[in-house]
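Novice: Following this message is one structure expressed as structure tokens.
Here, each number is a calculation from the coordinates, and none is a lab measurement. Everything numeric here is computed off the predicted structure, so don't read it as measured data. When we count neighbours, we look across all protein chains shown, and the Cβ atoms used for this are built from the backbone with ideal geometry, even at glycine.
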Amino acid sequence: MTAFSPTAAQPVSPPPQPGDPAPGDAPDPGPGRSRRPETPAGPSLSPSRAADFKTCPLLFRFRTVDKLPETPSADQVRGTLVHAVLERLFDLPAAERTPESAAALVAPEWDRLITAEPALAVLFNGEPPAQDRPAPAPRRADSGAMRDPAAVEAEIDATGQAALIDVPAGEEEAARIAAFLAGATDLLAGYFAVEDPRRLQPAERETLISTTIGDELLLRGYIDRLDVSPAGDLRVVDYKTGGAPREAFEGRALFQLKFYALVLWRARGVVPRALRLLYLKDAEALDYSPDPGELERFERTLIALSHAIERAKRDRDFRPKPSRLCGWCSHQSLCPEFGGTPPPFPESAPAVDVTADQEPDRVGTVLRDGPLG
Ligand code: SF4
């Protein structure tokens, strides 16, 4: 069963109302945002880290316990750039929120991003990071089979990962940057194909939401946009800059949306009327409408997941769980499924704050919209 249904996106948010936040009122730490939440005393979960554990406990360990660095891919950095542009777009007066205005924001926002994260320059002065390309499939001891090239192609089709790789190696740096920025502009065109921002006045943008469930489990996450209708209905909007989800990835997106819905319900007492994913590459909108019964079940799932994480920490037992998503994992060289050996478990592992790294799809960690992001 899937709760997603492709829809022709119709803006439902009202035009600016008296008392609405003025453009620019949304929290905006700017480049190099220091939105890092305080480290919570007890267990905590973000949607990305929770999904990591569900996807692969060893991946969770690498990211959250070992805190191994990951080099962002061009896709992920472009996603961050597009999100920044869309956030800035709503600073403009409604009538000025045009495709031309959005395109004009790309270069300045890129300048802000590269100033905040100079290391991103590596994307343009060398070979594209390895994770821009689907990596070989897991080779289990009982397998030994070479990967079928047709399967690789099918995977690329399914995820859209290759379609956005427009930072060709060997080009002059300036040309590569131009291609990268042009890709961002193309994604913005996809946004305008599904929404008319002149008819929208978001209530909140890039907002940290949090709540505590089960007495001690802190849930936190960042939402791209929150629209509120005059009747008080909430709609959460999340921009996706990769390809539309297909099979394996839809579950992760649905998990993320349920997480947001639960946090908003518990924090504000209102079940969001709609959760909307805007897939900019495909100019497609997917809607999900949660109900309280479903969210209560999901709440129990998160509490059980938190207990499983605590057990894994106590037992230092984070097992690999290979899947097609391994193709985008940065840590294959350390993964037993690929013949690697994980580093020793940190003896003095700090209290694991699974939201301390912020959401990995936010500026500052510059990872966005990767299948594992
Ligand atoms: S390569 Fe696959 S199995 Fe290994 S840690 Fe990464 S996601 Fe998990």
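Novice: Please list, or write none, the lysines whose alpha carbon is within less than 16 Å of the alpha carbon of Lys281, excluding same-chain residues fewer than 8 places away.
Specialist: Lys240
Novice: Take the alpha-carbon centre of region 44-92, take the same for region 283-332, and report the distance between them in whole Å.
Specialist: 14
Novice: Can you give the local net charge around Gly214? Use residues other than it whose beta-carbon is closer than 14 angstrom to its beta-carbon, Lys and Arg +1, Asp and Glu -1.
Specialist: On the way: positive: Arg266, Arg297, Arg300; negative: Asp215, Glu216, Glu296, Glu299, Glu310.
Overall, the nearby charge balance is -2.
Novice: Let me ask something else. In region 234-329, which trypsin sites (Lys or Arg not before Pro) are in a loop and have at most 15 other Cβ atoms within 10 Å, using DSSP for the loop call? Provide the component values of the computation, followed by the final result.
Specialist: Numbers: sites: Arg235, Lys240, Arg246, Arg252, Lys258, Arg266, Arg268, Arg273, Arg276, Lys281, Arg297, Arg300, Arg311, Lys313, Arg314, Arg316, Arg324; in loops: Arg246, Arg273, Lys281, Arg316.
Taking region 234-329 and a limit of 15 other Cβ atoms within 10 Å, the loop trypsin sites (Lys or Arg not before Pro) found are Arg246, Arg316.
Novice: Rounded if a/c is under 1.5, else prolate if a/b beats b/c, else oblate: with a ≥ b ≥ c from the C-alpha gyration tensor eigenvalues square-rooted, which is region 296-348?
Specialist: In terms of gyration-tensor shape, oblate.
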